[in-house]
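The values are calculated or read from the model by the stated rules, or taken from the named source; none is laboratory data. Given the structure is predicted, the values throughout are model-derived calculations rather than measurements. Heads up, the Cβs are rebuilt from the backbone with ideal geometry, glycines too, and the neighbour counts pull from every protein chain shown.
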Amino acid sequence: MGRDGTLRQLLVLTARQALGRRRMLLALLAACAPVLVAAIYRIAGGGEYEAWTAGLLNGLVVTTLLPLVALIVGTSVLGGEVEDGTIVYLLVRPIPRREIVLAKLAVGTAVTAVVIGASAVVATLVSLPGTAGPGTAVAALASVAWGALIYSSIAIALSLLTGHALIVGLAYVYIWEGVVAGLFTGTRLVSVHQYVLGVAAALDPTQPSLLPWHLDLATSLVLGAVVAAGATVLAIARLARFEVAERP
Amino acid sequence: MNSRWAGTPPGAPPDGRGGRGARAVTGRQPLWSPAPVPADVAASPLAVVHVGRWYGNVVAVNDVTFGIGPGVTGLLGPNGAGKSTLMHMLAGLLPPSSGQVLVEGRPAGRDPALYRRIGLSPERDAAYEFLTGREFALLSARLARLPDPDAAARRAIALVDLEAAADRQIGGYSKGMRQRAKLAAALVHDPPILLLDEPFNGMDPRQRLHMMDLLRRMAAEGRVILFSSHILEEVERLAQQVLVMVAGRLAASGDYRALRHLMTDRPHTFLLRTSDDRAMAAGLVAEDAVLGVQLVDGALDVRAADYSSFTRVVAGVARRAGVTLYELRPTDESLESVFAYLVNR
């Protein structure tokens, strides 16, 4: 069996684990919220749909649900195995540690992108009447996928750095991304939230006018890639030095 | 002592105290001791050389040196003795704080390629609950990059006698079945070195016998098998060679029968209930094999020089004193008391 086969095994195993965890139910419930809110607004005939949809996507989806679900899923795909001890069965196999991390990252990203991406697309199509809907939906999907990759890589690295990855991750998202990164122009350059908004603004023609300030596409892609790559390299290095210990 | 099997640990008396191939290791060597590595240890397929492991100021393993060759070796010790820590270090999953762990001459750890040569069954009862036993073996075979993973998984399942439950999810397995599923995963790539951490935990007697037969057969094929246990009888039935760990230190090592003699040939205490305790006590104190007698709570508490000489004379003393023996039992046969003796001698 070649390396492709090994990676496929890791992907299938991780997907079965991720989809079988109770946390997944929480993620799915969270993903329903934007659709529900959009439906209520549309039925109520609130008006100013473009601005309202941009607010829904930026405020609820990108700021809150995307990092939340990425952290929930991302800390469980590898952290769950560390916690329950099954990681040993992967570590005692002749497979490079990077394959384990990359498989976990791929599944974490895919699950988050599908769950939150679907939520964003459906919510956009529900709330935005006329021809603007599909363009905004595609931009929302792409930016959510980009954010899912970056947040998942951070979550996986955290799950190898600390036993309280979810708590630390939530503190980072809501203190750094939610408060500090919004206060100063300089801190926006080191904000995943801004990388996601940068992609959304570049792809969606209605967004630039609605976002008072945003990074351009190239900066969002380059800085986002640096963060994702850095977190992934850190995770691989940590897994290579991972210690399975039963402390006396 | 099989000279290929174990080298002289630091601090061990040069005559291999305990004789007949076993030794109690009594030295409390400082960790910075520049003691040389015995050549026979370094040449063993599994070599542990002056290894220490500590967590903060808690010492889990303290300056342990031994080598393991083909055959079944039992790693015996009470819970918390450092057996699992040692197993994890041998499996390359935990770096030693000091010293070296060598697998076939290469440092264990940070080398995934080494896992083509090692099979590990961990003590922790963790499992992919959603997989069936067969899927778990197949996954292990595929991750081991075997050319025919299906055949390897089938063979491993058959070896551990798990065929009847192979298509049930591991989440519904008994502890004994889980042990066999873990063993199938450890065996699936046919490794020459097997590390089994408490492999008999939770197995019923029939499963235990089957597993012991399997391990004996595998050892006869030339494999290096190290298994840990806190149960003396398991080690007695399976291992030719024994390592005894107590409180993180190697308390004794060598041929099992010699070690067993070392364990029995020590001061023992016995409880005796007789028809006339005073007459029996008077007869016993005259015997060389008896070190002291006390009357405690209506019974005799006898301290004997060693197990065998006391049990040889006790019936004769009773007969000569005209006393009927109602009860005779050793009171310090627990494994902990045996270990304590080995450590303190």
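Listed by first and then second residue, the pairs with beta-carbon distance under 6 Å, at least 6 apart or on different chains, first residue in the stretch B:102-113 and in contact (Cβ under 8 Å) with a residue 60 or more places away in the chain, second in a strand (DSSP E or B), are B:Leu102/B:Ala47.
Residue by residue, here is whether (1) away from chain A (no Cβ under 11 Å); (2) over 20 Å from A:Gly20 (Cβ atoms); (3) among the polar types (S, T, N, Q); (4) outside any helix (DSSP H, G or I) holds:
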site: B:Phe130; (1), (2), (3), (4): no, no, no, yes
site: B:Asp167; (1), (2), (3), (4): yes, no, no, yes
site: B:Ala185; (1), (2), (3), (4): no, no, no, no
site: B:Gly202; (1), (2), (3), (4): yes, yes, no, yes
site: B:Leu214; (1), (2), (3), (4): yes, yes, no, no
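The set of residues from the stretch A:22-63 being buried (at least 18 other Cβ atoms within 10 Å of the Cβ) and either of a type in the set (Ser, Thr, Tyr) or at positive phi (or both) comprises A:Tyr41, A:Tyr49, A:Thr53, A:Thr63. Please tell me if B:Val61 is buried (at least 24 other Cβ atoms within 10 Å of the Cβ), within 12 Å of chain A (Cβ to nearest Cβ), assigned to a strand (DSSP E or B) and in contact (Cβ under 8 Å) with a residue 12 or more places away in the chain. When the stated conditions are applied, B:Val61 passes them.
Taking the listed residues A:Val88, A:Val73, A:Val62, the one that is closer than 18 Å to A:Ala231 by Cα, among the hydrophobic types (A, V, I, L, M, F, W, C) and either in contact with a His (Cβ under 7 Å, 6 or more places away or on another chain) or in a helix (DSSP H, G or I) (or both) is A:Val73, with no other qualifying.
Only residues that are under 25 Å from A:Gln9 (Cα atoms) and either surrounded by fewer than 24 Cβ atoms within 10 Å (Cβ to Cβ) or more than 12 Å from chain A (Cβ to nearest Cβ) (or both) were counted across the stretch B:169-183, and they come to 10. When the residues of the stretch A:116-137 are filtered to those that are modelled with pLDDT of 90 or more and surrounded by fewer than 23 Cβ atoms within 10 Å (Cβ to Cβ), the one that is nearest to A:Leu68 (Cα to Cα) is A:Ala118.
May I ask you to verify whether B:Arg223 is farther than 25 Å from B:Leu90 by Cβ, among the basic types (Lys, Arg), touching a residue at least 24 places away in the same chain (Cβ under 8 Å) and surrounded by fewer than 21 Cβ atoms within 10 Å (Cβ to Cβ)? Break it down into steps so the answer makes sense when it comes.
Working: farther than 25 Å from B:Leu90 by Cβ: no; among the basic types (Lys, Arg): yes; touching a residue at least 24 places away in the same chain (Cβ under 8 Å): yes; surrounded by fewer than 21 Cβ atoms within 10 Å (Cβ to Cβ): yes.
Spelling it out, it is not the case that B:Arg223 is farther than 25 Å from B:Leu90 by Cβ, among the basic types (Lys, Arg), touching a residue at least 24 places away in the same chain (Cβ under 8 Å) and surrounded by fewer than 21 Cβ atoms within 10 Å (Cβ to Cβ).
Looking at B:Arg117, is it more than 28 Å from B:Glu233 (Cβ to Cβ), in contact with an Asp or Glu (Cβ under 7 Å, 6 or more places away or on another chain) and of a type in the set (D, E, K, R)? Considered against the rule, which asks whether it is more than 28 Å from B:Glu233 (Cβ to Cβ), in contact with an Asp or Glu (Cβ under 7 Å, 6 or more places away or on another chain) and of a type in the set (D, E, K, R), B:Arg117 comes out as yes.
Condition first: closer than 23 Å to A:Val82 by Cα and in a strand (DSSP E or B). Can you find one or more residues in the stretch B:41-48 that meet it? No, the stretch B:41-48 contains no residue that is closer than 23 Å to A:Val82 by Cα and in a strand (DSSP E or B).
For the stretch A:21-45: of the residues being within 14 Å of chain B (Cβ to nearest Cβ) and closer than 25 Å to A:Val121 by Cβ, which is modelled with the highest pLDDT? Show your work before the answer.
Restricting attention to the stretch A:21-45, the residues satisfying the condition of being within 14 Å of chain B (Cβ to nearest Cβ) are A:21-22, A:24.
Those still in the list that are closer than 25 Å to A:Val121 by Cβ too: A:21, A:24.
On the way: A:Arg21: 78, A:Met24: 85.
Looking at the filtered set, the residue picked out is A:Met24.
From the list B:Ala144, B:Ala137, which residue is buried (at least 23 other Cβ atoms within 10 Å of the Cβ), of a type in the set (A, V, I, L, M), within 25 Å of A:Gln17 (Cβ to Cβ) and facing chain A (nearest Cβ under 7 Å)?
On the way: B:Ala137 fails: facing chain A (nearest Cβ under 7 Å).
Among B:Ala144, B:Ala137, only B:Ala144 is buried (at least 23 other Cβ atoms within 10 Å of the Cβ), of a type in the set (A, V, I, L, M), within 25 Å of A:Gln17 (Cβ to Cβ) and facing chain A (nearest Cβ under 7 Å).
Whenever a residue of the stretch B:143-156 is at positive phi, its partners that are part of a loop (DSSP other than H, G, I, E, B), lying with C-beta atoms within less than 9 angstrom and at least six residues away or across chains, give the pairs B:Arg145/A:Met1; B:Arg145/A:Gly2; B:Arg145/A:Arg93; B:Arg145/A:Pro94; B:Arg145/A:Ile95; B:Arg145/B:His189. Counting residues in the stretch B:269-278 that are surrounded by fewer than 21 Cβ atoms within 10 Å (Cβ to Cβ), modelled with pLDDT of 70 or more and within 30 Å of B:Val235 (Cβ to Cβ) gives one or more. Elements of the type strands (runs of 3 or more DSSP E) sitting completely within the stretch B:225-306 and holding at least 2 residues that are within 12 Å of the chain's Cα centre (by Cα): these cover B:241-246, B:249-255. Checked against (1) free of Cβ contacts under 8 Å to residues at least 60 places away in the same chain; (2) within 11 Å of chain A (Cβ to nearest Cβ), B:Pro122 passes all but a single condition, namely (1). Of the residues making up the stretch A:173-196, none is at pLDDT 80 or above, touching a helix residue (DSSP H, G or I) at 6+ places or on another chain (Cβ under 7 Å), within 14 Å of another protein chain (Cβ to nearest Cβ) and buried (at least 18 other Cβ atoms within 10 Å of the Cβ).
Out of contact with any Pro (no Cβ under 8 Å at 6 or more places or on another chain) and over 30 Å from A:Ala245 (Cβ atoms): is that true of A:Gly130 in this structure? Here the answer is yes, as A:Gly130 does meet what is asked. In the stretch B:43-58, of all residues being in contact with an Asp or Glu (Cβ under 7 Å, 6 or more places away or on another chain) and away from every other protein chain (no Cβ under 14 Å), the one that is nearest to B:Ile193 (Cα to Cα) corresponds to B:Pro45. Go through the residues of the stretch B:76-96 one by one and say whether even a single one is part of a strand (DSSP E or B), among the hydrophobic types (A, V, I, L, M, F, W, C) and more than 9 Å from chain A (Cβ to nearest Cβ). Looking for residues that are part of a strand (DSSP E or B), among the hydrophobic types (A, V, I, L, M, F, W, C) and more than 9 Å from chain A (Cβ to nearest Cβ), one finds at least one in the stretch B:76-96, hence yes. For the stretch A:79-115, the tally of residues that are within 14 Å of chain B (Cβ to nearest Cβ) and of a type in the set (A, V, I, L, M) stands at 10.
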